[in-house]
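> Mind having a look at this structure? Questions to follow.
Bear in mind that the values in this text are calculations on the coordinates, not laboratory data. Please read these numbers as outputs of a predicted model, since none were measured by experiment. Because the Cβ atoms are built from the backbone with ideal geometry, glycine has one as well, and the counts that use them run over all protein chains shown.
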Amino acid sequence: MNLGFAGRGRLLPSVRNLVVDMCNEYLESCDTTQQLVTAVQELLENLVKYSEAGAAAAIDFELFLLEGHPVARIGTRNRASGAHLAEARSMLDRIISAPDPDALFQSLIDSSGDRKGSGLGLVRLRAEAGLWLSYEVERSTLSIEARRAVQARGSHA
């Protein structure tokens, strides 16, 4: 599924429900479904919060086979201000390079307070959902990809 989000924050619950239905249909584990739904929710909230006003923003979610193994992938694309892009790059570099995502998550919780842009949502994707993150910035567009192996319903590998 691939959906645009420019000015459509009201669609978050519908997208969340669609992801739940898709995961429940194809995935074995309720825990995995919950982790993926949480990841989609975090990324959707970032799209709504940080996308430039009037600019296109999109999320895609897919379940597919990669070299014979089931994988879930969540991708986002949005235009953002230079300040938000710099902040996102810094935080994503820190999260991606963290040898212990759980320790980084705890450290950010301890230091976050009430400040905006704590990065907790993104680090949570690695620490709690076990997703591998990558990103790319091209001009003023940020693309984030989160993926992980999953177990398909009926397969017990």
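> Can you grab the distance from the C-alpha centre of segment 25-66 to the C-alpha centre of segment 123-156, Å, no decimals?
That distance is 9 Å.
> With θ set to phi - 60°, apply the Karplus curve 6.51 cos²θ - 1.76 cosθ + 1.60 along segment 102-108 and write out the HN-Hα couplings as whole Hz, x wherever there is a Gly or Pro.
Whole-Hz 3J(HN,Hα) from phi for segment 102-108: 5, 5, 5, 4, 5, 4, 5.
> Name the shape class, rounded, prolate or oblate, that the alpha-carbon gyration tensor gives for segment 67-157, where a ≥ b ≥ c are the square roots of its eigenvalues, rounded holds for a/c under 1.5, and otherwise prolate holds if a/b is larger than b/c and oblate otherwise.
Here segment 67-157 falls in the oblate category.
> Place a point 7 Å from Cα of S143 in the direction of its Cβ. Which residues in segment 10-25 have their backbone N less than 13 Å from it?
Output list for this probe position: empty.
> Moving on to the next point. How many Å³ per residue does the convex hull of the Cα positions in the chain occupy? Intermediate values should be presented prior to the final figure.
On the way: hull volume 18.9 nm³, N = 157.
Expressed per residue, the convex hull around the Cα atoms of the chain is 120 Å³.
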